[in-house]
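Engineer: Have a look at this one.
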Amino acid sequence: MRKAMVFIDYENFDIARQELYKPDYAPRLDFPSFPLKLCKKISTDLDLIKTFLFIPKPDSYLMQQEWRKKRYVFLKGLENINYFSVIEGRHCVRPASGGFDTIDIRKKDTYYVNEKGTDINITAQLLTKAFHNSYDTAIVISGDTDYIPVFDLINTLGKTVISVGVEGQNLQRFRTHTDRQYTLYRDFLDECVQKKESEERA
């Protein structure tokens with residue numbers, strides 16, 4: 001069995017998943033079972049050691065939005081799952097024009113949101129765990145090509161890298177930088193929905 005770790009770029013993954021489900025509602029994933037099911041789907045010889053979920057923490061402005069606050073509380077609570085770590089970056093508000101006193105959180109045209117820290121957090125975890133021989137295979141759920149230099153370095157250390165994306169994301173860009181590219185389709189994602197929510201929608 002090969003030791004595997006799953007690294008989930010939540011923001012990138014969730015945006016792609018929401019796009020896939022349009023115009024329908026994208027149901028909440030059962031995060032405890034999702035990485036396990038994914039590993040089994042990819043290969044029967046993968047032994048999942050640990051999952052890392054990289055999330056943005058909303059700043060004080062964005063915490064005023066109830067949906068963002070609820071999503072953050074839910075995601076942060078996932079760190080109570082065994083062998084599952086939640087690592088925070090940041091979501092920061094920036095004024096669309098003028099200064100911060102022009103921001104009205106109820107009006108989208110007065111601000112935009114920057115994500116900070118996720119790229120460096122994922123990079124640090126991928127490289128640190130590779131150097132310490134913590135995994136044989138890194139499964140990275142993200143369509144972000146910024147990680148390509150990291151994948152190349154991990155490959156020089158003799159590790160296997162599998163890039164995972166949602167249908168609609170272009171994984172061909174990773175073909176010469178990762179050992180395998182794996183696409184998630186809606187039928188598989190439907191299997192990974194939280195059981196309670198799945199029963200409510202049936």
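Values quoted throughout were computed directly from the atomic coordinates according to the rules given, and no laboratory measurement underlies them. These figures come from a predicted structure and were not determined experimentally. We place every Cβ from the backbone using ideal geometry, glycine too, and count neighbours over all the protein chains shown.
Engineer: Taking the range 132-149 as the region of interest, how many residues are touching a residue at least 40 places away in the same chain (Cβ under 8 Å) and within 19 Å of the chain's Cα centre (by Cα)?
Structural biologist: Final tally of qualifying residues: 9.
Engineer: How about the range 108-140: which of its residues are of a type in the set (Phe, Trp, Tyr) and more than 15 Å from residue 85 (Cβ to Cβ)?
Structural biologist: 111, 112, 131, listed by residue number.
Engineer: Please verify whether residue 15 is part of a strand (DSSP E or B) and under 21 Å from residue 143 (Cα atoms), treating the condition exactly as stated.
Structural biologist: No, not satisfied.
Engineer: Filtering the range 29-54 down to residues that are of a type in the set (Asp, Glu) and part of a loop (DSSP other than H, G, I, E, B), which residue is surrounded by the fewest Cβ atoms within 10 Å (Cβ to Cβ)?
Structural biologist: Within the range 29-54, the match that is surrounded by the fewest Cβ atoms within 10 Å (Cβ to Cβ) is 45.
Engineer: Of all residues in the range 1-25, count the ones that are of a type outside the set (D, E, K, R) and either crowded, with 16+ Cβ neighbours inside 10 Å or within 18 Å of residue 122 (Cβ to Cβ) (or both).
Structural biologist: Residues meeting the conditions: 11.
Engineer: Any idea which residue in the range 154-181 is nearest to residue 125 (Cα to Cα), counting only those that are among the charged types (D, E, K, R) and free of Cβ contacts under 8 Å to residues at least 60 places away in the same chain?
Structural biologist: Narrowing the range 154-181 to residues among the charged types (D, E, K, R): 159, 167, 173, 175, 179-180.
From the residues that got through so far, the ones that are free of Cβ contacts under 8 Å to residues at least 60 places away in the same chain too are 159, 173, 175, 179.
Numbers: 159: 14, 173: 22, 175: 22, 179: 19 Å.
The extreme case among them is 159.
Matching residues to (1) within 23 Å of residue 66 (Cβ to Cβ); (2) among the acidic types (Asp, Glu); (3) in contact with a Phe, Trp or Tyr (Cβ under 7 Å, 6 or more places away or on another chain):
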| position | (1), (2), (3) |
| --- | --- |
| 100 | yes, no, no |
| 113 | yes, no, no |
| 121 | no, no, yes |
| 126 | no, no, yes |
| 130 | no, no, no |
| 144 | no, yes, no |
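Engineer: Could you pull out the residue among 84, 131 that is surrounded by 13 or more Cβ atoms within 10 Å (Cβ to Cβ) and closer than 25 Å to residue 52 by Cα?
Structural biologist: Just one listed residue meets the conditions, 84.
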